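The values are calculated or read from the model by the stated rules, or taken from the named source; none is laboratory data. This structure is a prediction, so every number in the text was calculated from the model and none was measured. Neighbour counts are summed over all protein chains in view; Cβ atoms, including those assigned to glycine, are modelled from backbone coordinates with ideal geometry.
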Amino acid sequence: MSSRVGPAEGVLGRLRGFWAVFSSDRAAVVGLAMFTAILLIAIFADLIAPYSPYERVGRPYERPSWKHLLGTNDIGQDIFSELIYGARASLFIGFLAAVIGTAIGTLVGIVAGYYGGIVDEVLMRIVDIWLSIPTLLFAIFLAAVILRTSGVPMFYSVIFAIALTSWPPVARLVRSATLSIKERPYIESAVALGASPSRIMMKHILPNVAPLILVEVVVRTAIAMLTEATLSFLGLGDPALKSWGTILHFAMIKNALILGLWWWFLPPGIMIALTVLSVVLIGRGLEAYFNPRLRRQ
């Protein structure tokens, strides 16, 4: 009597294998727990926040108290509520910018790696030129000059600026993986059977670089969140959006550091650091699972 493993059992088996490797890295598990808590705060911000972050609910510059856990800002808005809603804004911007940037880099990398020759040469020279420009300065330029003058809303200008500065490293990694994958026998068989280049890239190469893409999305999310916080801190973000970077921006222009208003500038800085750390730790755990060499180490 033969035993058959259904699709559900196969998926569960892969999930168990993934968790066995991932959970062996305690730092990755801690990062996952931290990120899950922050994600839940972002999702249920409407239920957790005691006040609307846009309403004046107290006197200006109130110190932390039971009524206002992190005090109030210069116009009497509750900083604890701002911090909770800031999780939603910062995570959304960081993740969306990372997905867009990784998608662009993946497309460029697969096309360059598969076609090779003059296509590869031209695309990689573009990548080299892009990488020669300091990322933060380029993001500032895109957000402040090109995207704003084109009439793009400030919210999207930040996302596009971050995405357009984050794709070149992804393109290089995916190109290297594609160069290796396209030499495998099943790719040669697909070519011999007359499969079109687009079908080969989408059906055979893309699934094989998917683990690399997943890790890159995670890593790029952390970098994008830091970039967004920097742009917002410099006043290039959407002032109507309660992101952690925007909170820091208004704390800076109101001299919170000089006035000793630690409850205004310190919590968003800590949340940015914890979130980025959690994403980096998760990325390390994913890389250990998808990279057999790291797993053996």
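Values as computed for the structure displayed
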read-out	value
In region 68-88, residue farthest from E228 (Cα to Cα) [restricted to those that are of a type in the set (A, V, I, L, M) and touching a helix residue (DSSP H, G or I) at 6+ places or on another chain (Cβ under 8 Å)]	L69
Members of region 202-226 that are more than 30 Å from A89 (Cα to Cα) and crowded, with 20+ Cβ neighbours inside 10 Å	I205
Any hit, region 158-166, residues being at pLDDT 90 or above, out of contact with any His (no Cβ under 7 Å at 6 or more places or on another chain), within 30 Å of I205 (Cα to Cα) and surrounded by fewer than 16 Cβ atoms within 10 Å (Cβ to Cβ)	no
Those residues of region 171-189 which are within 21 Å of the chain's Cα centre (by Cα) and farther than 12 Å from Y114 by Cβ, in sequence order	A171, R172, L173
Residue within region 30-43 that is of a type outside the set (V, I, T) and part of a loop (DSSP other than H, G, I, E, B) present	no
Some residue of region 212-222 being free of Cβ contacts under 8 Å to residues at least 24 places away in the same chain and assigned to a helix (DSSP H, G or I)	no
Filter pass, L193 being surrounded by fewer than 16 Cβ atoms within 10 Å (Cβ to Cβ), touching a residue at least 60 places away in the same chain (Cβ under 8 Å) and aliphatic (A, V, I, L, M)	no
Residue tally, condition closer than 14 Å to I93 by Cα and not in a helix (DSSP H, G or I), over region 139-177	1
Residue in region 74-96 that is more than 21 Å from I272 (Cβ to Cβ), among the aromatic types (F, W, Y), in a helix (DSSP H, G or I) and in contact (Cβ under 8 Å) with a residue 24 or more places away in the chain present	no
Residue satisfying all of: in region 89-144; aromatic (F, W, Y) and over 30 Å from M271 (Cβ atoms); surrounded by the fewest Cβ atoms within 10 Å (Cβ to Cβ) among these	Y115
Check on I110, in contact (Cβ under 8 Å) with a residue 12 or more places away in the chain, at negative phi and assigned to a helix (DSSP H, G or I)	yes
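To keep it simple, each residue is scored yes or no on (1) in contact with a helix residue (DSSP H, G or I) (Cβ under 9 Å, 6 or more places away or on another chain); (2) in a helix (DSSP H, G or I); (3) touching a residue at least 24 places away in the same chain (Cβ under 8 Å).
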| residue | (1), (2), (3) |
| --- | --- |
| G245 | yes, yes, yes |
| H249 | yes, yes, no |
| L257 | yes, yes, no |
| A273 | no, yes, no |
| I282 | yes, yes, yes |
| G285 | yes, yes, yes |
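Here's the yes/no breakdown for (1) at pLDDT 90 or above; (2) of a type outside the set (A, V, I, L, M):
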residue: G71; (1), (2): yes, yes
residue: F80; (1), (2): yes, yes
residue: F95; (1), (2): yes, yes
residue: G105; (1), (2): yes, yes
residue: I110; (1), (2): yes, no
residue: M124; (1), (2): yes, no
residue: V127; (1), (2): yes, no
residue: L136; (1), (2): no, no
residue: I146; (1), (2): no, no
